[in-house]
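Worksheet for the structure shown next.
A short reminder: the numbers here are calculations on the coordinates, not readings from a lab. Everything numeric in this text was worked out from a predicted model, so none of it was measured. No Cβ is skipped: glycine too gets one built from the backbone with ideal geometry, and neighbour counts run over all protein chains shown.
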């Protein structure tokens, strides 16, 4: 899907902003799509590297069906190439990994068998297995399952519109708020990600945002403030925002984990900017893991890391002051 044929069996992929132009036998930058005899072909369709049953909070999603289980799958391939990649297998070619092989029907039936409420397209960038996710999502929707994308948001508008008809929620990884960072460390650009976020808002898809903080690279308080102000203006104050802690990975094994105080500082900046639902994503600080009523400050969803201890919501509203809490609760 989403490519054009050019002269002499050359094809141009139009799925993501890389716009790869490929001769016969060449892979795109994503390492998942290949020109095969003048046709662009997915080389990862039906070939997940495995699956897991996760709490939905692990995606992370804190305002979408809390306390439920989600069936998570991923393949190889990514539309970005981050030096700090937290899942380096996503940077591999299909022939260098060992998939398990599951059809869309296999995925949906297994998710139902495991008692999951949703399917997550995650681990690597699901844009790279677009057709696979598309077919699974359509089938899952018919079977009463929800669909969740965990994505870097580096995708073009038309494919987004087509796929997200069947997507119920997303977590979008906003890696930084400067184009310089995206170009230097991700081989991508910021604007397409921001455009994706605005499009999801327009399409009424529930989404939450993750920002992985790295000391000295994307943790400038001024940039964090700009990001939070942009979110407030363009997306609204209720969008959940997670600040997560970097741990050494891939090509940045020599870099130290982000200091805890940097995560807390970012949290405070976001709250002062007016964002109502801010969390520390992979850093267990109890008070930053709870969902609070924005009006009376009562705890409406109590968590112990990724475990929901108590959901106090009453039809999506605060039980004390009846304020509506934005999210998808059932």
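Enter the angle in degrees (range 0 to 90, nearest 10) between the Cα long axis of helix 260-272 and the first principal axis of the Cα atoms of the chain, meaning the one along which they spread out most.
Compared with the principal axis, the helix lies near 70 degrees.
Hey, any idea what the orientation-averaged projected area of the convex hull of the chain's Cα atoms comes to, in nm²?
Seen from a random direction, the Cα hull of the chain projects 16.2 nm² on average.
Taking the simple approach of a point 7 Å from Cα along Cα-to-Cβ for both residue 96 and residue 5, what is their distance in nm?
Roughly 3.2 nm, to one decimal.
For the pair residue 307/residue 86, report the inter-label distance in nm, with labels modelled 7 Å from Cα in the Cβ direction.
2.1
Once you have the Cα-Cα distance between residue 19 and residue 265, take 0.36 nm times their residue separation minus that, and quote the gain in nm to one decimal.
84.8 nm
If the viscosity is 0.692 mPa s and the temperature 37 °C, what Stokes-Einstein diffusion coefficient in µm²/s follows for the range 221-330 when Rh is the Kirkwood radius over Cα pairs?
Taking Rh from Cα pairs, D becomes 216 µm²/s.
Subtract the Cα-Cα distance of residue 106 and residue 41 from 0.36 nm times their separation in residues, and report this length gain in nm to one decimal.
21.3 nm
State, to one decimal in nm, how far the label point of residue 295 lies from the label point of residue 237, with both points 7 Å from Cα in the Cβ direction.
1.3
What fraction of the Cα pairs in the range 30-134, stated in percent, has a spacing above 15 angstrom?
In whole percent, the long-distance tail amounts to 63.
Quick check: Cα centre of the range 66-94 to Cα centre of the range 257-293, how many Å?
24
Given bins 10 angstrom wide, list per bin the percent of all Cα-Cα distances in the range 143-206, short to long.
Per 10 Å bin, starting at zero, the Cα-Cα P(r) for the range 143-206 comes out as 21, 51, 23, 4, 1 percent.
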